[in-house]
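Asks: Pasting a structure here, questions to come.
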Amino acid sequence: MFLANIRIWNFRKYGSSNEIDLNNPNLDLNFTKGLNILIGENDSGKTAIVDAIKLVLKTHSYEWIKLEDYDFFDSSNRFRIELRFEDMEEEAFHFTEWLGFEGQGDKVKPYLRIIYDVSRTSQRILPADICAGVDSQGTPLKAAAREYLKATYLKPLRDANLDLTPKKNSRLSNILQTHEAFENKEEHRLVTLFQEFNKNVAAYFEGLDADGEILKDDLKGKELKDKIDTFVELFIDEKYATNFDVTNANLKSILEKLELQILEQINPGLGTMNKLFMATELLHLEKDNWTGLRLGLIEELEAHLHPQAQMKVIEALQNKQDIQLILTTHSPNLASKVKLENIIICHNKNAYPLNNKCTLLAPDDYKHLERFLDTTKANLFFAKGVIMVEGWSEEILIPALARKMKKDGLITKDITEAGVSIVNVASAEFIKFAKIFLRQKEPYLTLPVAIITDVDVPAYEKELAIDSGGKAIKKGKNNTYNYLKCCEIEVTKQSLLRKEEIEKKFNNQSTHVFVTESWTLEYSLLISSTLGKHVESVLLDMFPNIDTSNYGSELAKKLLGKDIKKTEFSYQLANLIDPNSDDYDDSIKLDTTDQPIASLMEAIKDACN
């Protein structure tokens with residue numbers, strides 16, 4: 001049995017100004033049987049999904065969940081949540097009168113649909129039952145059946161020290177009470193042990209040992225009790241006496257006295273205690289004789305855990321095949337560790353699973369990406385926009401260029417302010433990364449994804465040269481080459497074809513490609529009308545012995561060859577462009593008509609706006 005789907009109308013941010021249409025929910029989200037990770041930027045609706053599930057199912061922690069006006073979308077007066085459970089052949093007998101059936105012949109399978117439909121007036125929120133059934137209204141779900149649908153919930157910013165501390169109604173005692181190890185409450189061995197302990201305690205204060213013999217060497221306890229009894233006789237009645245008792249001999253009070261610790265650990269930190277608390281709370285999902293739902297809801301798993309601990313915990317949870325988990329996270333470390341098919345991106349009032357039924361990714365693409373999605377690339381899941389680049393040069397230069405564009409009034413927010421992530425795919429294999437955001441069917445993911453690449457046409461680099469008359473000829477041993485002129489001639493015919501090919505391949509839905517038409521990024525910067533002279537100064541600084549009488553061609557040779565250290569080149573140029581740099585050159589004025597770098601600026605605009 002697992003939660004297969006949630007549908008939401010007008011709950012929190014998932015809503016619209018229209019009346020509720022049962023055929024068109026504001027959120028229609030499928031879950032997988034095992035691990036589900038809800039990720040996305042802040043206020044993207046992750047917690048709303050978890051709270052909707054928790055509101056309908058309630059939790060094993062018996063926390064009080066009260067409806068508030070902010071649970072209703074905007075000014076709407078009604079919200080509705082539907083949960084659908086499947087693969088419940090073993091648990092179906094708990095819900096016989098509410099089940100629906102699908103399929104034919106021996107392939108008929110039961111399912112359960114839970115409905116929570118709430119309305120409000122201008123004065124108050126109206127009480128509503130949790131219902132179930134195949135029709136749009138359902139019938140009230142009985143309390144006994146609801147007990148088998150409770151979820152296990154771990155709140156964000158857990159105070160594990162407080163939750164594991166002995167006290168009345170402690171969280172630890174509540175967890176243990178519901179475990180099968182404590183089913184026999186009246187005759188449990190712990191009760192017997194405490195009864196014996198209480199007898200020994202009472203005997204001590206009577207001046208006796210465990211066998212009823214008088215304690216000859218320690219009568220302090222009896223003396224203390226006798227003094228209290230003297231006052232009791234005076235204050236109340238001489239018929240009254242006192243009795244010292246450790247605890248009531250019932251299982252609940254005994255469990256409330258228990259404290260859970262790590263063996264031989266003195267004052268463990270928050271991280272250790274947090275992991276201990278999670279291990280204890282998840283006991284609900286590991287009951288051997290449980291025939292109900294095994295669903296865990298965990299918010300911000302990373303709270304109080306350092307990156308390596310996060311990865312260790314999520315790997316352990318990911319290997320749990322017999323339980324279902326729905327997690328929220330802000331951690332790229334976790335996102336980089338889980339399988340891509342388990343991730344659900346929350347964005348712009350919708351949620352987008354990345355499994356192979358939803359994206360354009362092929363099975364091999366998943367394997368490739370899971371190997372290459374490290375923490376630096378996994379931040380793309382938490383962004384409001386993404387810029388994909390193929391190397392360090394772009395990764396270093398784009399933020400500096402964006403800050404300069406903001407200063408020059410070309411955009412209103414730079415990369416950081418707009419919440420945009422730059423992802424260096426370290427190759428031209430953009431298509432696999434781009435497919436993460438491409439959907440098989442609507443609704444499409446509206447997250448802007450800008451791909452920056454160049455034509456990088458290699459043919460003329462090796463085969464062509466320019467003769468003295470300016471005509472392109474085949475390269476030969478005795479020819480002299482003007483690399484710069486060669487590039488200028490060939491780019492006009494070859495790069496445009498290449499640009500067309502790239503755009504056709506990558507432009508899809510909200511993913512757009514921006515191609516620097518003039519050979520490579522570095523060469524485009526060199527021939528830029530606004531940045532060209534600064535590129536020249538950087539290259540001349542890097543190559544002080546260059547032939548300055550023909551430096552244009554010589555610099556092109558450096559770009560063509562492997563002599564240039566691109567990261568150093570990009571770093572020095574970024575310092576001149578970036579208004580936040582000490583080396584910033586205020587004389588630079590960007591111009592959107594500067595064709596060689598226009599695509600770079602358009603890509604930044606696309607992602608940041």
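The values are calculated or read from the model by the stated rules, or taken from the named source; none is laboratory data. Predicted model, so just to flag it, every value in this text is computed and none were measured. Because the Cβ atoms are built from the backbone with ideal geometry, glycine has one as well, and the counts that use them run over all protein chains shown.
Asks: If you go through segment 341-380 one residue at a time, how many are among the β-branched types (Val, Ile, Thr), outside the structural domain of Phe11 (by TED's automatic domain parsing) and over 27 Å from Trp392 (Cβ atoms)? Steps first, answer last, please.
Replies: Step one: list which residues in segment 341-380 are among the β-branched types (Val, Ile, Thr), which gives 343-345, 359, 375-376.
So of that shortlist, the ones also outside the structural domain of Phe11 (by TED's automatic domain parsing) come out as 359, 375-376.
Now restrict to residues that are over 27 Å from Trp392 (Cβ atoms): 359.
Number satisfying all stated conditions: 1.
Asks: Here's a follow-up. Would you pick out the residues in segment 180-192 that are part of a loop (DSSP other than H, G, I, E, B) and in contact with a helix residue (DSSP H, G or I) (Cβ under 9 Å, 6 or more places away or on another chain)? Please lay out each step first, then the result.
Replies: Filtering segment 180-192 for residues part of a loop (DSSP other than H, G, I, E, B) gives 183-188.
Scanning segment 180-192 gives Asn184, Lys185, Glu186, His188.
Asks: Something else now. Examine segment 527-542 for a residue that is at pLDDT below 80 and either farther than 28 Å from Ala434 by Cβ or among the charged types (D, E, K, R) (or both), and state whether such a residue exists. Give the derivation first.
Replies: Filtering segment 527-542 down to residues at pLDDT below 80 leaves none.
No: zero hits.
Asks: Further question on the same structure: Against the conditions (1) acidic (Asp, Glu); (2) surrounded by fewer than 18 Cβ atoms within 10 Å (Cβ to Cβ); (3) farther than 30 Å from Glu315 by Cβ, where does Asp71 fall short? Just the number, please.
Replies: The single condition Asp71 does not satisfy is (2).
Asks: Mind checking whether some residue in segment 128-151 is under 53 Å from the mean Cα position of the chain (by Cα) and within 30 Å of Leu270 (Cβ to Cβ)? Can you show your working first?
Replies: Restricting attention to segment 128-151, the residues satisfying the condition of being under 53 Å from the mean Cα position of the chain (by Cα) are 128-151.
Next, only the ones that are within 30 Å of Leu270 (Cβ to Cβ) stay: 150-151.
Yes; the residues of segment 128-151 include at least one that is under 53 Å from the mean Cα position of the chain (by Cα) and within 30 Å of Leu270 (Cβ to Cβ).
Asks: Residues of segment 1-28 being surrounded by fewer than 23 Cβ atoms within 10 Å (Cβ to Cβ) and either touching a Pro at 6+ places or on another chain (Cβ under 7 Å) or of a type in the set (Ser, Thr, Tyr) (or both), which ones?
Replies: Arg7, Ser16, Ser17
Asks: Name the pairs: first residue in segment 225-252 and modelled with pLDDT under 85, second residue in a loop (DSSP other than H, G, I, E, B) and of a type outside the set (Lys, Arg), Cβ to Cβ under 9 Å, at least 6 apart or on different chains?
Replies: Within 9 Å, the pairs are Thr247/Glu256; Asn250/Glu186.
Asks: Would you confirm, using the coordinates I've provided, whether Lys404 is under 20 Å from Ser570 (Cα atoms) and outside any loop (DSSP other than H, G, I, E, B)?
Replies: Criteria met by Lys404.
Asks: Still on this structure, I have one more. So Gly212 fits all but one of (1) over 30 Å from Lys167 (Cβ atoms); (2) at pLDDT 90 or above; what number is the exception?
Replies: (2)
Conditions (1) modelled with pLDDT under 90; (2) surrounded by 15 or more Cβ atoms within 10 Å (Cβ to Cβ); (3) of a type in the set (A, V, I, L, M, F, W, C), marked per residue:
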position: Tyr523; (1), (2), (3): yes, yes, no
position: Asn545; (1), (2), (3): yes, no, no
position: Ser549; (1), (2), (3): yes, no, no
position: Ile577; (1), (2), (3): no, yes, yes
position: Asn580; (1), (2), (3): no, no, no
position: Asp594; (1), (2), (3): no, yes, no
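Asks: I'm checking my understanding of the structure. Among residues of segment 507-521 that are modelled with pLDDT of 90 or more and of a type in the set (A, V, I, L, M, F, W, C), which one is farthest from the chain's Cα centre (by Cα)?
Replies: Among those residues, the one meeting the criterion is Phe514.
Asks: I need the full set of residues from segment 40-76 which are in contact with a Gly (Cβ under 9 Å, 6 or more places away or on another chain) and part of a loop (DSSP other than H, G, I, E, B), in order please.
Replies: Step one: of segment 40-76, the residues in contact with a Gly (Cβ under 9 Å, 6 or more places away or on another chain) are 41-42, 46, 72-74, 76.
The answer is Glu41, Asn42, Phe73, Asp74, Ser76.
Asks: Only one residue in Glu341, Glu370, Glu395 is under 25 Å from Thr453 (Cα atoms), at pLDDT 90 or above and of a type in the set (Asp, Glu). Which one? Please lay out each step first, then the result.
Replies: Numbers: Glu341 fails: under 25 Å from Thr453 (Cα atoms); Glu370 fails: at pLDDT 90 or above.
That would be Glu395, the only listed residue that is under 25 Å from Thr453 (Cα atoms), at pLDDT 90 or above and of a type in the set (Asp, Glu).
Asks: Separate question: Of all the residues that make up segment 328-363, how many are in contact with a strand residue (DSSP E or B) (Cβ under 7 Å, 6 or more places away or on another chain) and of a type in the set (Ser, Thr, Tyr)?
Replies: 4
Asks: If you check Leu83, Leu99, which single one turns out to be without any contact (Cβ under 8 Å) to a residue 40 or more places away in the chain and within 20 Å of Asp135 (Cα to Cα)?
Replies: Result of the check over Leu83, Leu99: Leu99.
Asks: Would it be correct to say that His179 is touching a His at 6+ places or on another chain (Cβ under 9 Å) and not assigned by TED's automatic domain parsing to the domain that holds Glu63? Full working, then the answer.
Replies: Values: touching a His at 6+ places or on another chain (Cβ under 9 Å): yes; not assigned by TED's automatic domain parsing to the domain that holds Glu63: yes.
Taking the combined requirement at face value, the residue satisfies it.
Asks: Then there's this: Inside segment 369-401, can you point out the residues that are over 22 Å from Pro443 (Cα atoms) and assigned to a loop (DSSP other than H, G, I, E, B)?
Replies: Leu373, Asp374, Glu390, Gly391
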